[in-house]
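What follows is calculated from the coordinates using simple rules that are stated; it is not laboratory data. Computed from a predicted structure; not experimentally measured. So basically every Cβ, Gly included, is an ideal-geometry build from the backbone, and we count neighbours across all protein chains shown.
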Amino acid sequence: MQSEYAIETSSLTKVYRSRWKRREVRAVDGITLNVPRGTIFGLLGPNGAGKTTFVKLLLSAVHPTNGNALLFGRDAREAEARRPIGYLPENHRFPTYFTGAGMLDFYAALSGMESSQRKKLIPEHLDLVGLDKWGDMRIGKYSKGMLQRLGLAQALIHSPSLLILDEPTDGVDPVGRRQIRDVLTRFEEKGVTIFINSHLLAEVETFCRQVAILHKGKVALSGTMQDLTAGKGYRLSVAQAPAALMEELRTKAASMASRDGLCDFQFATREQVNEAIDLLRAQRCDIEALVPTTSTLEEVFVRTVEK
Amino acid sequence: MKDLWTASLALIRDTFREAFARKIFWGLFGLSVLMILFFLFLLKIDLVEGGLAAISLFGRTANPATDVDRLVRGVYGGIATFLYTWGMAIAVFASAGLIPSVLEPGRIELLLSKPVSRTHILLGRYVGNVLVVACNIVFLVLGVWTILGAKTGIWSKTFLISIATTVFAFAVLLSVVVFIGVLFESTALSTMVAVALMIMSPILAQTSVMLRLLSSEWSRQIWRTLYYALPKVYDLGKMTLDAIQSRTFEGYMPIWTSALFGAVVLAGALAIFVRRDF
């Protein structure tokens, strides 16, 4: 069955119950979410929002209490539905007895790759993540960043159509982060759907096309990055102006803030800011700066989870 | 089907790799080598002549043809019992950690994300574990058999039965290790329960005596139930000894009831593993 979505969930719910006290925790609470093929999707949320449980539900590591999840149109509980998936878990614990190449060989074999294919692709993927000289080294000797890159190679080696990455750049230095982003960009260009679970908002903002923010197990906000950060406007910085004019500008502006002897007025439209400029120039007041602004994802995130 | 085979081989190879890394394989192998060296040392002693001389000491006239055969079979039987009991105990101790290790957070999620069923993952691990022990038992028994055969000229093929019975009894006990491992993720508890079953087995095997000694019908019923339900490690060892010494034994009940126990416990472990959240 072909589906236009890589991931489809419908009222997906996971309730954890303590064995004796009958206490309930609704880790995921009726999430309905569609992730189109070929996009880069970011899943955000504060700690305990249910992000990791949601990912585990997709991978069938956790069984849903209610609802269902489909991967490319197949029930996520079927083992075969996981064949086109590459997964990099958060807090992974790769067995330290593996060498880098040995680990890739093991997980590629579990994905059903034949020995000849594995022999060909393992050096290529070690090279892809910059570990070509480390393939024969036991991974117990790898740094956190190297393990993360090896984990990424493991997720990519069987040419998945959907990559699910849980905190992919966690513990990676800026150069390694850049390298991971470059690798992911290359796979995005090949049409691979990338689903990132991360708390690094800046990274999600620069990299993802679509975002969902989870809060208390529910989707609090979702949409394209462009739509979510469309709180556009203009910031007008003024050093000195008569008090009456300042008051008039304050009433016309969406907001006003003072910093370093400057007053920043936030206007929503071009007409409003032009009108403010006209008023200031009529009284020969200096304009220190005029900057077009957008809402950052961080602002959207904070607003959403503080509601 | 080919994917299934590739994944199965990968899971078995991974168990071997972990057994090597944890020094389990080499530990068992080292003990086997020590045992074989010990029997090589015995080559220095003239087992046959010494045995016959010992018979003569008790005022009997030795009949070389029959007495040597009986003597060597006795030695084979003693060794088989020793290997069966201690070999299996060591194997249980050594390999009990191989199941809980695979369930560690951060490791199990990645395994479950692959297109392999949970049943397949656990069975792959189980089979790998049995094969690790089987390799060592085959090496040890064949080594001892070769030395004794070369020394005495009597090649008791029935001695090789101890390979099958030891591996079988280990496989049954491993099902308990897997069950406890999946349920509680505790290596120590898995080992304790498996060893407890080994210890209980010779006690429960005294059924005919105990049924006479127990006063109430319900206590006799409990004894019978425990005897028939639990794996018969002792009876299997005794069957091996009887086979080696060409004695008749009373039916195959210990084999099929132990196999049934192992199958039920393993099925229970699989049912828990399939339903668990990780």
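Data for the structure
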{"quantity": "Burial ordering of A:252, A:14, fewest other beta-carbon atoms within 10 Å first", "calculated": "A:252, A:14"}
{"quantity": "Rel. contact order, % - alpha carbon contacts under 8 angstrom, at least six apart, segment A:108-253", "calculated": "16 percent"}
{"quantity": "0 to 90° range, to nearest 10: angle between helix B:118-152 axis and chain B longest Cα axis", "calculated": "10 degrees"}
{"quantity": "Residues B:26, B:218, sorted so that the one with the fewest Cβ neighbours within 10 Å comes first", "calculated": "B:218, B:26"}
{"quantity": "Extreme residue, positive dipole direction of the protein assembly as shown, given options B:252, A:236, B:160 (C-beta unit charges)", "calculated": "B:252"}
{"quantity": "Highest to lowest packing among A:187-196, A:152-161, scored as the average C-beta count within 10 Å", "calculated": "A:152-161, A:187-196"}
{"quantity": "Chain B, relative contact order [Cα under 8 Å, separation at least 6], %", "calculated": "25 percent"}
{"quantity": "Helix B:187-204 vs. chain B, principal-axis angle (Cα, 0 to 90°, nearest 10)", "calculated": "40 degrees"}
{"quantity": "Shielding of A:89-102 by partner chains, average beta-carbon count, 10 Å", "calculated": "4"}
{"quantity": "Per-residue average of Cβ from other chains inside 10 Å of A:80-88", "calculated": "3"}
{"quantity": "Protection proxy ranking of B:32-39, A:121-128, B:231-238, A:282-289 - average other beta-carbon atoms within 10 Å, highest first", "calculated": "B:231-238, A:121-128, B:32-39, A:282-289"}
{"quantity": "Degrees, to the nearest 10: B:2-21 long Cα axis against longest axis of chain B", "calculated": "60 degrees"}
{"quantity": "Reachable lysines from residue B:23, criterion Cα separation under 23 angstrom, eight or more residues apart if same chain", "calculated": "A:141"}
{"quantity": "Order of B:162, A:115 under a 10 Å beta carbon neighbour criterion, fewest first", "calculated": "A:115, B:162"}
{"quantity": "Translational diffusion of chain A, µm² s⁻¹ [Kirkwood Rh, Cα pairs; Stokes-Einstein; 37 °C; 0.692 mPa s]", "calculated": "149 µm²/s"}
{"quantity": "Cα shape, segment A:95-159, gyration tensor, a/c 1.5 rule", "calculated": "prolate"}
{"quantity": "Residue-averaged [θ]222 nm for chain A, counting only DSSP H segments that reach four residues, each worth -39500 (n - 2.57)", "calculated": "-10500 deg cm²/dmol"}
{"quantity": "Number of partner chain Cβ atoms within 10 Å, mean per residue of A:108-116", "calculated": "6"}
{"quantity": "Rounded if a/c under 1.5, otherwise prolate or oblate - the protein assembly as shown, Cα gyration tensor axes", "calculated": "prolate"}
{"quantity": "Considering only chain A, percent of DSSP beta bridges that pair antiparallel, nearest 5", "calculated": "70 percent"}
{"quantity": "Reach of residue A:232 by Cα under 26 Å, taken over lysines that are not fewer than 8 positions away in the same chain", "calculated": "A:252, A:307"}
{"quantity": "Three-way shape label, chain B, alpha-carbon gyration tensor, a/c 1.5", "calculated": "oblate"}
{"quantity": "Length-normalised contact order of chain A in % [C-alpha pairs under 8 Å, at least 6 apart]", "calculated": "20 percent"}
